[in-house]
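To keep things clear, I will list the structure first and then write my remarks on it.
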Amino acid sequence: MDGAPESGRGSDEHPAHCGLLTAGVTGSALAAICCFTPFLPWILGVVGLTGLTGYLYRDAVLLPMLAVFLVITGVALWLRRRAK
């Protein structure tokens, strides 16, 4: 009633799009690292799932995942700019 936000979501200290931006940047970075370096086969080898390497490296999975996370990052940046 005194003008204070009821919850942390949407307040000036932590806007709602902040988590979206974090998820987008983190996902984009991880997908780019897995696309362009031998990081993914190493991780799958450690976990014991090396059989998935051929499926994931067909570019039918990693490149669309990278595109989706880049779109999420773009939307979050657009929302942040629009909020200012």
For segment 7-24 the number of residues that are of a type outside the set (G, A, S), surrounded by fewer than 16 Cβ atoms within 10 Å (Cβ to Cβ) and either within 22 Å of the chain's Cα centre (by Cα) or modelled with pLDDT of 85 or more (or both) is 5
Kindly indicate whether C34 is in contact with a Leu (Cβ under 8 Å, 6 or more places away or on another chain), at pLDDT below 85 and either in a helix (DSSP H, G or I) or over 17 Å from A83 (Cβ atoms) (or both). yes
Where residues in segment 49-67 are touching a residue at least 12 places away in the same chain (Cβ under 8 Å) and under 28 Å from G19 (Cβ atoms), which of them is farthest from the chain's Cα centre (by Cα)? L56
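A quick yes/no check of all residues on (1) of a type in the set (S, T, Y); (2) modelled with pLDDT of 80 or more:
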residue	(1), (2)
P5	no, no
T26	yes, yes
V68	no, yes
L79	no, yes
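The values are calculated or read from the model by the stated rules, or taken from the named source; none is laboratory data. Since we're looking at a predicted model, the values are computed, not measured. Don't worry about glycine lacking a Cβ; one is built from the backbone with ideal geometry, like all the others, and counts go over all protein chains shown.
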